[in-house]
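Below is one structure, written out as structure tokens; the observations come after it.
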Amino acid sequence: MASNYYQILEIPIHATLAEIKQAYRRLAKKYHPDVNPNNTTAQALFTEIQKAYSVLSDEQLRHQYNINQGIFGTKQQTIVFSINNYLQRWQHLAQQVTQADPHRLNLDGILLQMEKLLTNYEVLQFRQTADDRAYQQLHVHVITTITPLDKQSLQYIIPQLLPLQFTVRQESDFHNILVQRKTAQLWAILLPVLMFVIAIVLCIILATTFTT
């Protein structure tokens, strides 16, 4: 899912051109590669900032962007990224999943909410500012959210989680859940076949017993 350009520049929907330029200068100075020579995450954020500015500073491009994003009027608020807010949003999603009927999970809705939390900008900001404790909390929320998902949903969303750059051990937890789901699906297919074969064998044994 595409990043929110207003969120990237940390400006409201109704920001003026002067405010857009001011925000760009402030953020560009903060994330410029010259200031962060060995920080690939900051450099990637700088690229995102440039993209956002190139669109929002052009009246026609901004108008088209607003239409494409369904942005109308000036009442919508832009949420400035913060670690606490990001973790709270993940926690809220995890709670929704755990409180829902497992047999009536809206998988498309869950994946859509996860995608909103996994835009390039959100991922880069988390990588830039998160400490080990934040990663541990996020890991718990992600595990809680993805555990009930089916194999297809896991195969779709796990690759989108990897850019967050969890530890190898944390990433292996995601893949273990996928392996478990694959195994369960395989057994769901094989078990009826196995039961059928056992039934045939038992019939043959019984038939042989009665004829001897």
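The values are calculated or read from the model by the stated rules, or taken from the named source; none is laboratory data. No experiment lies behind these values; they were computed from the predicted model shown. Don't worry about glycine lacking a Cβ; one is built from the backbone with ideal geometry, like all the others, and counts go over all protein chains shown.
The residues in the range 143-190 that are β-branched (Val, Ile, Thr) and farther than 27 Å from Tyr121 by Cα can be counted, and the count is 3. Identify all residues within the range 1-53 that are buried (at least 19 other Cβ atoms within 10 Å of the Cβ), among the β-branched types (Val, Ile, Thr) and under 30 Å from Gly109 (Cα atoms); write none if there are none. Residues satisfying the conditions are Ile8, Ile11, Ile49. From the list Gln7, Gln60, Gln96, the lone residue that is within 23 Å of Ala134 (Cα to Cα), free of Cβ contacts under 8 Å to residues at least 60 places away in the same chain and not aliphatic (A, V, I, L, M) is Gln96.
Within the range 110-160, the residues that satisfy the criterion of being aromatic (Phe, Trp, Tyr) and in contact (Cβ under 8 Å) with a residue 40 or more places away in the chain are Tyr121, Phe126, Tyr156.
When Thr98, Thr16 are checked against the criterion of being assigned by TED's automatic domain parsing to the domain that holds Tyr135 and of a type in the set (Val, Ile, Thr), Thr98 stands alone in meeting it.
Looking across the range 159-212, the residues that are charged (D, E, K, R) and surrounded by 13 or more Cβ atoms within 10 Å (Cβ to Cβ) come down to Glu171, Asp173, Arg181, Lys182.
Checking each residue of the range 182-190 against the condition of being in a helix (DSSP H, G or I) and of a type in the set (Phe, Trp, Tyr) gives at least one match. Listed conditions (1) under 19 Å from Ile177 (Cα atoms); (2) surrounded by 18 or more Cβ atoms within 10 Å (Cβ to Cβ); (3) among the charged types (D, E, K, R) are all met by Asp108, apart from (2). Scanning the range 138-154 for residues that are part of a helix (DSSP H, G or I), surrounded by fewer than 17 Cβ atoms within 10 Å (Cβ to Cβ) and either at pLDDT below 95 or not assigned by TED's automatic domain parsing to the domain that holds Met114 (or both) yields a total of 1.
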